[in-house]
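Data first, discussion second: the structure below is written as structure tokens.
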Ligand code: SF4
Ligand code: SF4
Ligand code: SF4
Ligand code: FES
Ligand code: FES
């Protein structure tokens, strides 16, 4: 379909594909029509009327975010009538909005605030009405402040259309309209997977991440504690955006320096345990494939996905790999192996992780995540919280020199780094499985067929005679499709499935920086593949620190007794 | 008397829903509202377990059902009293001390507006002008209008409805 349409916007002629909206056409000629309820990740809803424009010949103003262009349309995006209508909409929103910007988590990163600023609103001509909804702090990961909700419905649409969890709804009418889980319940009382995507798409401070920085600072300031921090793969291609860098900037070295300056005693890398996860998971996969037990096997490193499985498909849980996530493997080793090697008292270690993920805040508190004898990971900070922490330390992030991770658990390969994007765990596992099974060196490391952003991707991989069928799903809507196929008897005969709860994978997790770049996912993914290419080692089994751990601590084998004690978890449904 | 909130442990006979499902099984889209109406008829209101069951049966997310139920004034999430009291808070009534009538109702019944007494006799609601301003302050009990009210008349009027 290549029909084009020519129209006039603010006296400029523009030609676009048929089906494009006025908003899209305007962007093409550098006119940014403001929006609130519209977002590139969800279907238009046309609820807020911030995007109104004047269409010549039409009586009412049109919502540019959903109005499809037609030939010869004449549009004005900034006439006095339009400007007044927009101002009215925003003033009404502000009249019902708490004036909390100073203390709001979204201060300076809020679309409502930015809109008020860009429309030049200097006074609000309506009386302030006091909002009165209680905060919802029941979730371990998120805080909802309905008073800051502008009823844009983005969270409603994302959670139902993309994640198929349908947690939120519009409720009530008129003055008491609100967006809420059913029966006004708290997020922890409904089937919320804690993926945190709603906190990314919310334009305001109505859904934010639970802030754990104060507890981490307290540990850092306690001279008795040794604070060990790990950084997830995706954080290195996200954090930079908070400091004005383009999406896809790789800032690993500056991040390590910043963490050291803030006062973390040891700065280590989750990529190390990503590699270890591959060794454990590939071993488990080959065993299960041979024994044809609980097949197909599904990856288990995305805690939002684990929550989804437990809430929506509890009968299929035996398909999960028993491997803990890299974060939790790291935590279990930090207070055992690492403590031993470094001569530290595990009781004095405070284990912190920097994660792109909001569900990790819940994962670290699961009762089964105490295999070191302590809570394996004490605190999780999201990439956004780290950004805030760095700012509060007055560090000029972009001017920081680069540093290396500390040894013992600080080395990661390219296979570990691509754990952060959809398809990456599968590719890392295949690099290792291939070489283990065939005892030959892989001719080409890049498994191009499983890369990309297709919602559900498949490939058949030939391990020299052993053919395996793999599938990759990202976003819980796609995960649901996979689960429904398994319920229907796995007609496509998959052997190994990778699932990540967030669309795009961890690079666009619920704790990552909020981007307004429509291509931010692919840019961050490309950055992880670049990081992979630039690393000296690119296969998990080549990681010398993982090899040392295996030899010195795991009894010389993966999937052995020690591994099962520390690195695997008896998920419900697995007999042990 | 205190206000009732349906206890979650309360059991509901969900088989009462089966004939309702049957009646609407040919409606491909849009069965939700008629099913909700019929369910409310059957249970007197729409308790959470009933809504959960309907959601499961029609494959509609519970959040969406909650949205519908709270949007339409005809649906009730709480049990309703046998008698519905609507006390006017409109301008004419307001200047004639409607707020004291409301106080008296609250004290007599032990519930706030929107609430239902635990013996399920009365539900208290407020309205803005019922078109009987000349009788202000006014309240309605079911279809009866009671005008020129005084706070101390309220308990007596209500007694006439008890049985
Ligand atoms: S949501 Fe935005 S406008 Fe509202 S208080 Fe927070 S920063 Fe200010
Ligand atoms: S965290 Fe995820 S599942 Fe939970 S409400 Fe938000 S989008 Fe929905
Ligand atoms: S919570 Fe945020 S995303 Fe959801 S409707 Fe309110 S303002 Fe919009
Ligand atoms: S952005 Fe177009 S109506 Fe909200
Ligand atoms: S104001 Fe009460 S009846 Fe009109």
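Read-outs: derived from the displayed coordinates by stated rules, not from any lab. Note that the coordinates shown come from a computational prediction; the quantities given were computed from them, not determined experimentally. Glycine gets a Cβ as well: all are built from the backbone with ideal geometry, and neighbour counts include every protein chain shown.
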> What angle, in degrees between 0 and 90 and rounded to the nearest 10, separates the Cα long axis of helix A:270-291 from the longest principal axis of the Cα atoms of chain A?
Replying inline: 70 degrees
>> Can you tell me the convex hull volume per residue for segment A:351-463, based on C-alpha atoms, in Å³ to the nearest whole number?
In response: 199 Å³
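By count of other Cβ within 10 Å, fewest leading, how are A:542, A:275, A:406 ordered?
Ranked by crowding around the Cβ, least crowded first: A:542, A:406, A:275.
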>> Taking every alpha carbon pair in segment B:83-159, what does the distance histogram look like in 5 angstrom bins from 0, in percent?
In response: 3, 18, 33, 27, 14, 4, 1
> Which value, in nm² and rounded to one decimal, describes the direction-averaged projected area of the C-alpha convex hull of segment A:182-238?
Replying inline: 6.4 nm²
> Cα centroids of segment B:38-96 and segment A:43-121: how far apart, whole angstrom?
Replying inline: 34 Å
>> Just to verify a number: FRET efficiency for residue A:392 and residue B:100, C-beta to C-beta distance, R0 = 56 Å, to 0.05?
In response: 0.55
> If you line up the Cα atoms of segment B:57-114 on their principal axes, what length do they span on each, largest first, in Å?
Replying inline: 50, 24, 16
> Does anyone have the angle between helix A:520-534 and the longest principal axis of chain A? Alpha-carbon axes, 0 to 90°, nearest 10?
Replying inline: 30 degrees
> Using the Kirkwood formula over every pair of different C-alpha atoms, what hydrodynamic radius in Å results for segment A:88-127?
Replying inline: 10.5 Å
> One-quarter of the Cα convex hull surface for segment A:485-576, in nm²?
Replying inline: 9.9 nm²
> To two decimal places, what compactness ratio does the protein assembly as shown give when its Cα radius of gyration is scaled by 2.2 N^0.38 Å?
Replying inline: 1.10
> Taking Rh as the Kirkwood radius, which is the inverse of the mean 1/r over Cα pairs, what is the Rg/Rh value for segment A:214-566?
Replying inline: 0.95
>> Considering just Cα atoms, how many Å³ per residue does the convex hull of segment A:4-93 enclose?
In response: 90 Å³
>> From zero outward in steps of 5 Å, how is the percent of C-alpha pairs of segment A:333-377 spread across the bins?
In response: 5, 23, 28, 22, 14, 8, 1
>> Let me make sure I get this right: for segment A:434-504, a, b and c are the square roots of the gyration tensor eigenvalues over alpha carbons, sorted descending. Under 1.5 in a/c it's rounded, otherwise prolate if a/b > b/c, else oblate. Which is it?
In response: oblate
> Which percent, nearest 5, of DSSP beta bridges in chain B are antiparallel?
Replying inline: 55 percent
>> Angle check, please: helix A:252-262 long axis (alpha carbons) against the longest principal axis of chain A (alpha carbons), in degrees 0 to 90, nearest 10.
In response: 90 degrees
> Along each of its three principal axes, how wide is the spread of alpha-carbon positions in segment A:390-448, in whole angstrom units, largest first?
Replying inline: 52, 26, 16
>> As an exercise, take the mean of 1/r over every pair of distinct alpha carbons in segment B:9-71, invert it, and state the Kirkwood radius in angstroms.
In response: 11.7 Å
> Over what distance in Å are the Cα centres of segment A:210-287 and segment A:510-538 separated?
Replying inline: 15 Å
>> Helix-only estimate, please: 222 nm mean residue ellipticity of chain A, summing -39500 (n - 2.57) across DSSP H runs of length 4 or more and dividing by its residues, to the nearest 500.
In response: -9000 deg cm²/dmol
> Based on the Cα atoms of segment A:401-519, what semi-axes does the equivalent ellipsoid have, where each is the square root of 5 times one gyration tensor eigenvalue, given in whole Å with the largest first?
Replying inline: 26, 23, 11
>> If you restrict to DSSP beta bridges whose two residues both lie in segment A:214-566, what percentage is antiparallel, to the nearest 5?
In response: 25 percent
> Any idea what log10 I(q)/I(0) is at q = 0.16, 0.18 Å⁻¹ for segment B:24-163, Debye with uniform C-alpha scatterers and no solvent?
Replying inline: -0.83, -0.94
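Compute the Rg to Rh ratio over segment B:120-163 from the alpha carbon atoms, using the Kirkwood formula for Rh, and round to two decimal places.
0.95
Ratio of Rg to Rh for segment A:112-219, alpha carbon only, Kirkwood?
Looking at segment A:112-219, the ratio lands at 1.01.
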> Among the DSSP beta bridges whose two residues both lie in the protein assembly as shown, what percent are antiparallel, rounded to the nearest 5?
Replying inline: 55 percent
>> Give me B:83, A:38, A:541 sorted ascending by neighbouring Cβ count inside 10 Å, so fewest comes first.
In response: B:83, A:541, A:38
